[in-house]
Number of protein chains: 2
Amino acid sequence: MASKDRKQRLKDDTRRNILDAALRIGKDEGWQALSMRKIADIIEYTPPVIYEYFANKEALMLQLTKLGYCMLAKDMREARDKHTSPEKQLEDMWLTYWNFAFTQKELYQLMFGIEVNCCVWDNSIPEAEVPANMIWEVIGNLMGDAATEDLICKRYYTFWSVVHGLISINLVRQGVPDGMNEQVLKDAIGGIIHAIKG
Amino acid sequence: MASKDRKQRLKDDTRRNILDAALRIGKDEGWQALSMRKIADIIEYTPPVIYEYFANKEALMLQLTKLGYCMLAKDMREARDKHTSPEKQLEDMWLTYWNFAFTQKELYQLMFGIEVNCCVWDNSIPEAEVPANMIWEVIGNLMGDAATEDLICKRYYTFWSVVHGLISINLVRQGVPDGMNEQVLKDAIGGIIHAIKG
DNA sequence: TTAATTTATCTAACAGTGTTAGGCAAATAT
DNA sequence: ATATTTGCCTAACACTGTTAGATAAATTAA
């Protein structure tokens with residue numbers, strides 16, 4: 001029954017090819033230009049085949065969204081593990097978040113509905129909680145004994161808002177003065193860390 | 001030649017009706033569901049008529065975007081004029097910005113490309129600069145002699161990032177704990193104002 | 001008043017979209 | 001050798017934005 005395995009492997013390949021093709025179109029032409037027929041062209045199948053791997057276009061994009069969260073989590077984990085002090089960890093993790101948003105611009109757009117109407121948010125993306133939880137933990141460590149659920153939460157959203165906000169602004173508009181991004185970002189992160197340490 | 005005027009008035013009415021219909025669809029069913037045919041149905045014309053008023057769907061949505069900026073500017077102007085001290089003005093203006101984002105959620109989405117691929121950003125929206133300039137001015141007033149172009153810019157983007165970021169997060173996800181928004185928002189605004197005053 | 005012209009509006013179509021139903025042929029299982 | 005499953009395709013449906021071209025009404029010119 002080794003042929004079963006071989007077949008499964010082929011199916012896995014095709015599934016991967018579909019996702020790869022979709023991502024490539026998203027990167028090359030923007031999500032707006034993504035269509036099932038274009039994907040089918042690239043993988044050299046007819047469109048209905050895609051529906052054997054994904055329920056519909058949205059489910060396909062949801063998978064890419066999850067991929068994005070996994071990649072982001074990996075990057076942030078590595079950033080965290082480069083340091084021992086929670087302070088440095090936080091700094092580097094948010095800087096990594098920032099960099100991810102631009103090196104993986106299209107995935108970031110998908111993950112946060114920037115210029116694309118992203119997937120439904122019934123809690124069907126557990127992957128999204130991984131980066132969040134990592135940040136939470138480090139904030140808790142930085143706070144030490146003063147850490148309460150509520151306070152961590154507040155700091156987390158403050159961090160996230162300012163970083164995600166600045167990213168969003170940059171992604172939909174062009175014209176933030178050069179050097180301004182770095183100033184605002186580092187200032188804000190430093191400021192919040194300072195506030196946490198009291 | 002009064003009939004010319006009457007006709008012009010009718011044309012203006014139709015144009016307004018088109019925009020109204022589009023906005024209503026956006027509010028009722030989401031921008032994703034907006035179509036030229038649906039607009040045509042509502043205004044009781046056939047689709048091609050719309051193209052006598054707007055070059056295409058995007059131009060129509062751009063007009064709604066501009067409308068959004070005008071409404072936001074009006075709200076913020078009123079907020080500013082309720083106070084005399086720059087501090088109170090800033091506070092109220094950003095709170096007004098926040099409220100606008102939720103009372104006019106669909107327009108805000110359009111203006112900032114949240115869950116909708118918004119209009120091109122070649123500087124074809126001078127209306128967008130009005131709220132920005134108002135904030136700039138008040139920040140400058142608050143800074144007094146210490147005000148420099150660069151410093152104002154930095155504070156402006158810091159404000160905007162955190163407010164817009166928190167709004168974005170709320171609009172694409174549900175599940176920010178209750179009361180958290182107000183805490184983060186007021187904390188951040190207060191913190192930045194504090195930083196500005198040195 | 002009649003003829004010419006402009007204006008308002010429509011129908012029909014093109015090329016594209018997501019998605020589904022049904023068929024055919026090859027591979028597999030009985 | 002027959003039955004069944006699998007893989008993949010063609011064709012279609014109901015949409016989408018947009019345009020070309022016809023038609024009838026309103027306006028202007030003779």
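The values are calculated or read from the model by the stated rules, or taken from the named source; none is laboratory data. The shown structure was predicted, so the numbers you read here are calculated from the model rather than taken from an experiment. Every residue, glycine as well, gets a Cβ built from its backbone with ideal geometry; the counts of neighbours run over all protein chains shown. When the accessible area is computed, the model is the full protein with side chains, heavy atoms only, and any ligands, DNA or RNA have been set aside. Shrake-Rupley method; radii C 1.70, N 1.55, O 1.52, S 1.80 Å.
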Quick one: buried accessible area between B and A, total over both chains, 1.4 angstrom probe, nearest 100 Å²?
3200
Just to be sure I follow the definition: excluding the sites themselves, where is the longest run in chain A that has none of the chymotrypsin sites (Phe, Trp or Tyr not before Pro) in a DSSP loop with at most 14 other Cβ atoms within 10 Å?
A:122-198
Entries in A:K74/B:K186; A:K57/A:K82; A:K57/B:K38; A:K197/B:K186; A:K11/A:K57; A:K105/B:K105 that, when Cα-Cα distance is taken, lie over 28 Å
A:K74/B:K186; A:K57/A:K82
Kirkwood-based Rg to Rh ratio, the range B:1-54, C-alpha trace:
1.07
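What longest region of chain B stays clear of GluC sites (Glu not before Pro) that DSSP places outside H, G, I, E and B and that have at most 13 other Cβ atoms within 10 Å? Spell out each step's value before the answer.
Working: sites that count: B:E44, B:E52.
Longest run free of exposed loop sites: B:53-198.
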Please report, for B:K27, the nm distances (one decimal) from its label point, 7 Å out from Cα along the beta-carbon direction, to the equivalent points in the remaining copies, shortest first.
4.2
Just in the range B:147-198: which trypsin sites (Lys or Arg not before Pro) are loop by DSSP and have at most 15 other Cβ atoms within 10 Å?
B:R173, B:K197
For peptide B:165-176, how many partner chain Cβ atoms fall within 10 Å of a residue's Cβ, on average?
6
With the range B:1-114 reduced to its Cα atoms and the Debye formula applied, log10 I(q)/I(0) at q = 0.20 1/Å amounts to -1.01
Among B:L142, B:L95, B:L151, residue whose mean-square fluctuation peaks in a GNM of chain B (springs only between Cα atoms under 10 Å)
B:L151
Volume per residue that the Cα convex hull of the protein assembly as shown spans, once the total is divided by residue count, Å³
184
Please give the calculated 222 nm ellipticity per residue for chain B, where each DSSP H segment of at least 4 residues contributes -39500 (n - 2.57) and the sum is spread over every residue; nearest 500 deg cm²/dmol?
-24500 deg cm²/dmol
The chain B residue whose Cβ lies closest to the rotation axis carrying chain B onto chain A, with that distance rounded to whole Å, is B:G165, 1
Kirkwood Rh, angstrom, the range A:58-196 [1 / mean 1/r, Cα pairs]:
15.6
In whole percent, and with a 1.4 Å probe on the protein chains, what portion of the accessible area of the range B:1-54 is carbon and sulfur?
46
Hey, what's the range A:82-176 come to in accessible area per residue, 1.4 Å probe, Å²?
40
